[in-house]
Number of protein chains: 2
Amino acid sequence: MQGREISQAVIRRLPRYYRYLGDLLENGVERISSNDLSKRMKVTASQIRQDLNNFGGFGQQGYGYNVKYLYTEIGKILGLGENHNMIIIGAGNLGQALAKYATFDRLGFVLKGLFDVNPELKDTVIRGVRVRMMDEFKEFISHNEIEIAALTIPKEMAVEVANLLAENGVHAIWNFAHTDLNLPENIIVENVHLSESLMRLSYNIGRYNEKHSRTDGSQSV
Amino acid sequence: MQGREISQAVIRRLPRYYRYLGDLLENGVERISSNDLSKRMKVTASQIRQDLNNFGGFGQQGYGYNVKYLYTEIGKILGLGENHNMIIIGAGNLGQALAKYATFDRLGFVLKGLFDVNPELKDTVIRGVRVRMMDEFKEFISHNEIEIAALTIPKEMAVEVANLLAENGVHAIWNFAHTDLNLPENIIVENVHLSESLMRLSYNIGRYNEKHSRTDGSQSV
């Protein structure tokens, strides 16, 4: 996939295409037209053609897209299929939910370790992986090539742990802690800020309630 | 908050301001200049002034922003502080993690019920709330005013359950299932697609590895 320059906007949309194409594959659909995909995804057919033309020649006029080919190619662009060794720091409910999350495997993320500071969790086995205490971290990391860490710990500990990870060669962090990590630029951080998602929901509920409680809609400034 | 028209771009940024202001409050900071906030948030001071000026007169030249006032006002705009009754459908690890998620309460989301189809979970009590089976759902919903449902169930069941929710007056869904729900337009849906987040991470790791394995960078098409 080297040398192809695809805009960030298209890249952001690729996971959704990948999800729809995967669903089609599961349902045994071999070919799909941009119009049909457009109806399912609620995106204009012209947007779909524009996006997918970036990869060159997937679609054939009158035949539609080859679902499996497109799925595979987008998967390659997204770096799926290659294996990435991962650890989870924080083996509470969220950490355990991620550890049991089957999609991980399918996307090539291989869970190698789980860490916590709670002695009650020590040696618990989750999906074949044993929970270690943080004081075993340095020893562990020196014997395992770990590329990614998911951080499912309270924000108070997150920055310190993230720095420890970066110092020990983990260069990608999937961050669920409610804080920004401020790491060196060469560390990749993907944030999942659930509280911000809740706030967007809350904001939209406010707008909804406002609209539905107004007798008529003519009071904006 | 009626009658104020704030752009969607600003709205999207508000949760992050709210988070930083909350941290400042916790640390006893009463006033902050746009420059200081700019350094912490890694956003330009002029962007901050522009965003916060939307709400009119929070900042005073030379005195900085009143942290508590700004935090409260942004909270109001985001609809926080009002209580919203919520249920969680799917009491597996992710559902339990959300149920135990303390930020919920602080943001005004009140957990009223947990539902599942797994009989082993029946009557388990999580954070004071008992897990009910889905066949109790209609009875429950007719006696409780529920505004929001978090969906932490497999995608295969998600669309059906979402329709059931919509039919029974739940008008906001926090969707963790890996599918789009295609509900009527008056239903608010906030998606958390973890697999798409993982794919973005994977894509960025690919770019990282490409950059670090190239001997020199001159082979684009």
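The values are calculated or read from the model by the stated rules, or taken from the named source; none is laboratory data. The shown structure was predicted, so the numbers you read here are calculated from the model rather than taken from an experiment. Don't worry about glycine lacking a Cβ; one is built from the backbone with ideal geometry, like all the others, and counts go over all protein chains shown. These area figures cover heavy atoms from the full protein model, side chains too; ligands, DNA and RNA do not enter into them. Shrake-Rupley method; radii C 1.70, N 1.55, O 1.52, S 1.80 Å.
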* Structure fact -> For the range A:176-189, Karplus-derived ³J(HN,Hα) couplings (6.51, -1.76, 1.60; θ = phi - 60°; whole Hz; x for glycine and proline) come out as 9, 6, 7, 7, 8, 8, 6, 8, x, 5, 7, 8, 8, 10
* Using the 7 Å Cα-to-Cβ label point, sort the distances from A:Gly169 to its equivalents in the other copies shortest first and give them in nm to one decimal. => 6.0
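For the range A:101-145, which GluC sites (Glu not before Pro) are in a loop by DSSP, counting at most 15 other Cβ atoms within 10 Å?
Filter output for the range A:101-145: A:Glu145.
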* Just how far, in whole angstrom, is the range B:125-178 from the range A:14-47 if you go by their alpha carbon centroids? -> 28
* Structure fact -> GluC sites (Glu not before Pro) in the range A:177-217 lying in a DSSP loop, each with at most 13 other Cβ atoms within 10 Å of its Cβ, come to A:Glu185
* DSSP bridge orientation in the protein assembly as shown - percent antiparallel, rounded to nearest 5 -> 20
* So what are the three principal axis dimensions of the protein assembly as shown from its Cα atoms, in whole Å, longest to shortest? -> 56, 48, 48
* To do: Calculate the mean, over all residues of peptide A:146-153, of how many other protein chain Cβ atoms lie within 10 angstrom of the residue's Cβ.
  => 1
* To do: Quick one: accessible surface of A:Thr124, probe radius 1.4 Å, all protein chains present, in square angstrom to the nearest 10.
  => 50
* Asked: Ranked from the most accessible area to the least, with a 1.4 Å probe and all protein chains present, what is the order of B:Arg200, B:Arg31?
  -> B:Arg31, B:Arg200
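Gain in length, A:Gln47 to A:Val125, computed as 0.36 nm per residue apart minus the alpha-carbon separation, to one decimal in nm?
23.4 nm
Other chains' Cβ within 10 Å of A:14-21 residues: what's the mean?
On the way: counts 4, 9, 4, 0, 3, 8, 2, 0.
For this peptide, the per-residue mean of nearby foreign Cβ atoms is 4.
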* Structure fact -> Ignoring ligands and nucleic acids, A:Asp135 exposes an accessible area, probe 1.4 Å, in Å² to the nearest 10, of 130
* Asked: Restricting to chain A, what percent of DSSP beta bridges are antiparallel, rounded to 5?
  -> 20
* Amide H of A:His84: which non-local residues (sequence gap of 5 or more, or other chain) have their own amide H closer than 5 Å, using H built in the peptide plane? -> A:Phe109, A:Val110
* So, in nm, how far is label A:Ser7 from label B:Val159 when the simple model puts each one 7 Å beyond its Cα toward the Cβ? -> 3.1
* Provide the per-residue ³J(HN,Hα) series for the range A:93-103, in order, calculated from phi with Karplus coefficients 6.51, -1.76, 1.60 and θ = phi - 60°, each as a whole number of Hz, with x at glycine and proline positions. => 4, 5, x, 5, 4, 5, 4, 8, 7, 4, 4
* Asked: Please state the relative contact order of chain B as a whole percent: Cα pairs under 8 Å, 6+ residues apart?
  -> 13
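Normalised by the residues of the range A:142-221, what does the relative contact order come to in percent, with Cα pairs under 8 Å and at least six apart? Can you show the working numbers first?
Details: 79 pairs, mean separation 19.6, N = 80.
Computed value for the range A:142-221: 24 percent relative contact order.
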* In nm, give the distance between the simple-model label positions of B:Tyr69 and A:Ser197, each being 7 Å from the Cα along the Cα-to-Cβ direction. => 3.5
* In the range B:33-114, how many lysine pairs have Cα atoms under 22 Å apart, counting only pairs 8 or more places apart or on different chains? -> 4
* Structure fact -> Output field shielding_mean for A:78-85 (other chain Cβ, 10 Å radius) holds 5
* Structure fact -> Regression test value, accessible area per residue of the protein assembly as shown, probe 1.4 Å, units Å², expected 49
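Counting other C-beta atoms within 10 Å, and keeping those with at most 15, which DSSP coil chymotrypsin sites (Phe, Trp or Tyr not before Pro) do you find in the range B:59-153?
B:Tyr63
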* To do: Sticking with the crude label model, points 7 Å out along Cα→Cβ, report the distance from A:Asp23 to B:Met133 in nm, one decimal please.
  => 3.0
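Ignoring ligands, DNA and RNA, please state the percent of accessible area on chain A from carbon and sulfur, probe 1.4 Å. Could the numbers behind the result be given before it?
Working: 4900 of 10910 Å².
Ligands and nucleic acids excluded, carbon and sulfur reach 45 percent.
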* Structure fact -> Taking a ≥ b ≥ c as the square roots of the Cα gyration tensor eigenvalues, with a/c under 1.5 meaning rounded and otherwise prolate when a/b beats b/c or oblate if not, the range A:71-115 comes out prolate
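In terms of solvent-accessible area of protein heavy atoms at a 1.4 angstrom probe, what is the ranking of A:Leu14, B:Leu25, highest value first? Mind dumping the intermediate values first?
Details: A:Leu14 0, B:Leu25 55 Å².
Order by accessible area, largest first: B:Leu25, A:Leu14.
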